[in-house]
Amino acid sequence: MKIGIPRSLLYYYYPFWQTLFSRLGFQPVLSDKTNTEILDTAVKDSVSEICVPIKVYVGHVLSLMKKGVDYIYIPRLVSIRKGVTLCPKFLGLPDMIKHSLPGISDKVLTHKIQSDSDDISDYRNYTDFLKVFDISKSELKKALQLAKNEWLNFRKLQKEGYKTELLLEDKKELREDGDLNIGLLGYVYNMYERFINMDLISRLEEMGARVSTFEMFDEEMINDFVSGLRKPMFWEFTNKLMAVGYNFINSPLIDGIIHVTAFGCGPDSILGPFLEIDAEENKKPFMTLRIDEQTGESHVLTRIEAFIDLLRIRKRREAL
Ligand code: SF4
C-alpha cells in the first residue's frame with residue numbers, strides 16, 4: 001500500500017513518518033520537489049487569500065494524486081507543547097484539503113496529533129490507524145518507538161549543525177563557515193522551500209555567511225524564554241521564532257538577522273514588527289524578506305547582497 005506524503009509544510013517530520021509507515025509495511029511516496037507545475041496548480045486550486053506555504057501544500061497534494069497513491073497522509077497537528085496550539089491553518093488542514101479538492105476525501109488519511117513536545121510519538125495519537133489498517137497494537141507501538149528513535153537522531157544532528165535540507169534527503173553535511181554570522185528566522189517550510197525562497201540558505205553561504213536557524217537551538221532555551229513571557233503568542237511555531245529571534249538580537253556573535261516570512265501569514269504580521277523594533281533598539285541589523293508565489297530571483301538576490309554588503313562595511317568600521 002502506498003502512502004503519499006506531501007513534500008511541504010510538515011515534511012520536516014519525514015524522518016519520523018518514513019520510519020513509521022515503512023515499519024508498518026507500507027510504502028511512503030513523496031511528492032516531487034516544488035516546481036513550476038506544482039506551484040501553478042497550487043495557485044489555481046487554492047483560495048487567493050491563503051498564505052503561500054498552504055498554497056504550495058495544495059500543489060503537493062495534487063501531485064501525489066497523480067502518482068496513484070492509496071492514501072495521502074494529512075495529520076491534524078494540534079500541538080507540540082502543552083496548552084499551546086499551532087497556527088489555525090494546521091488545525092484545519094485536513095478539512096481544508098478535503099473541501100477544496102473534489103474527489104480527494106476518501107484518500108485523505110488523517111488523525112489528530114496532540115503532543116507536549118516535538119516528539120510526536122505518543123501511541124494515543126495513532127490509535128485511529130488501528131481502525132484503518134490491518135495492524136496490531138504491538139506492531140504500531142514498535143513502529144512508533146523506531147520512528148521516535150529516528151526523529152531524536154534527526155534532531156540531534158540538526159543541533160550539531162548538520163544541514164536540515166540534506167538530512168531530509170538522507171545526506172550529512174555540516175553548515176558552511178563564513179566571516180559573517182546570519183541569524184535566519186523563519187518557519188521550516190519557508191526556510192527550506194528552495195523553489196519559493198530562491199535557495200536562500202545556499203545563496204547566503206555562497207556569499208560567505210554562516211547561517212544559524214531556529215532548529216539548531218535547544219528546546220530548553222526556547223522553553224525558558226516562553227515560560228518567562230508575560231503573555232506568550234497563541235501559536236507554537238511563532239513562540240519558537242520569537243525565542244530564537246531575541247536570542248539573535250542579544251547575541252554578540254550574530255552580525256545580522258533575516259526574517260523570511262510568507263505573504264498572507266497572520267502570526268508573522270504580529271511577530272515581525274516586535275522583532276524589528278527591538279532589533280533596531282539594540283542596533284542589530286534586521287531585514288524582512290517576504291516571499292510569495294511571484295517572488296523573483298533578482299529581487300531576493302539584490303536584497304541579500306545589499307544586506308551582506310552592509311554588514312561587512314559595518315564590521316570593518318567597528319574593527320577600526
Ligand atoms: S504560521 Fe503563517 S505561514 Fe505558517 S501556516 Fe500559519 S499563516 Fe501560513
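The values are calculated or read from the model by the stated rules, or taken from the named source; none is laboratory data. Everything numeric here is computed off the predicted structure, so don't read it as measured data. Note that we place each Cβ from the backbone using ideal geometry, even for glycine, and neighbour counts take in every protein chain shown.
At a glance:
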item: Only listed residue being within 16 Å of the ligand (Cβ to nearest atom) and of a type in the set (Gly, Ala, Ser), chosen from 63, 79; result: 79
item: Failed condition for residue 185, given (1) modelled with pLDDT of 95 or more; (2) away from the ligand (no atom under 16 Å from the Cβ); (3) touching a helix residue (DSSP H, G or I) at 6+ places or on another chain (Cβ under 8 Å); result: (2)
item: Residue 117, sole failed condition from (1) assigned to a helix (DSSP H, G or I); (2) under 29 Å from residue 268 (Cβ atoms); (3) away from the ligand (no atom under 16 Å from the Cβ); result: (1)
item: Those residues of the range 51-74 which are surrounded by fewer than 18 Cβ atoms within 10 Å (Cβ to Cβ) and either within 14 Å of residue 292 (Cα to Cα) or of a type in the set (Gly, Ala, Ser) (or both), in sequence order; result: 68
item: Pairs with Cβ under 7 Å, 6+ apart, first in the range 298-320 and touching a residue at least 60 places away in the same chain (Cβ under 8 Å), second basic (Lys, Arg) and surrounded by 14 or more Cβ atoms within 10 Å (Cβ to Cβ); result: 301/203; 304/203
item: Among residues of the range 282-316, those that are over 16 Å from residue 192 (Cα atoms), surrounded by 17 or more Cβ atoms within 10 Å (Cβ to Cβ) and of a type in the set (A, V, I, L, M), counted; result: 4
item: Residue match in the range 143-154 (condition: in a loop (DSSP other than H, G, I, E, B) and away from the ligand (no atom under 16 Å from the Cβ)); result: no
item: The range 48-72 residues that are acidic (Asp, Glu), paired with ones that are within 15 Å of the ligand (Cβ to nearest atom) (beta carbon under 7 Å, 6 or more apart); result: 49/264
item: Flag for residue 6 being closer than 20 Å to residue 129 by Cα, away from the ligand (no atom under 16 Å from the Cβ) and not assigned by TED's automatic domain parsing to the domain that holds residue 215; result: no
item: Residue tally, condition β-branched (Val, Ile, Thr), in a helix (DSSP H, G or I) and in contact (Cβ under 8 Å) with a residue 12 or more places away in the chain, over the range 20-47; result: 3
item: Every residue from the range 75-114 that is of a type in the set (Gly, Ala, Ser) and either touching a helix residue (DSSP H, G or I) at 6+ places or on another chain (Cβ under 7 Å) or assigned to a helix (DSSP H, G or I) (or both); result: 79, 100, 105
item: Top-ranked residue in the range 257-281 [being of a type in the set (Gly, Ala, Ser) and more than 10 Å from the ligand (Cβ to nearest atom); ranked as surrounded by the most Cβ atoms within 10 Å (Cβ to Cβ)]; result: 279
item: Positions within the range 176-199 being part of a helix (DSSP H, G or I) and either touching a Lys or Arg at 6+ places or on another chain (Cβ under 8 Å) or over 28 Å from residue 292 (Cβ atoms) (or both), in sequence order; result: 194, 195
item: Residue check for residue 254: part of a loop (DSSP other than H, G, I, E, B), in contact with a strand residue (DSSP E or B) (Cβ under 7 Å, 6 or more places away or on another chain), surrounded by 14 or more Cβ atoms within 10 Å (Cβ to Cβ) and not hydroxyl-bearing (Ser, Thr, Tyr); result: yes
item: Hits in the range 82-112 (condition: surrounded by fewer than 20 Cβ atoms within 10 Å (Cβ to Cβ) and closer than 24 Å to residue 268 by Cβ); result: 82, 83, 84, 85, 88, 89, 91, 92, 95, 96, 100
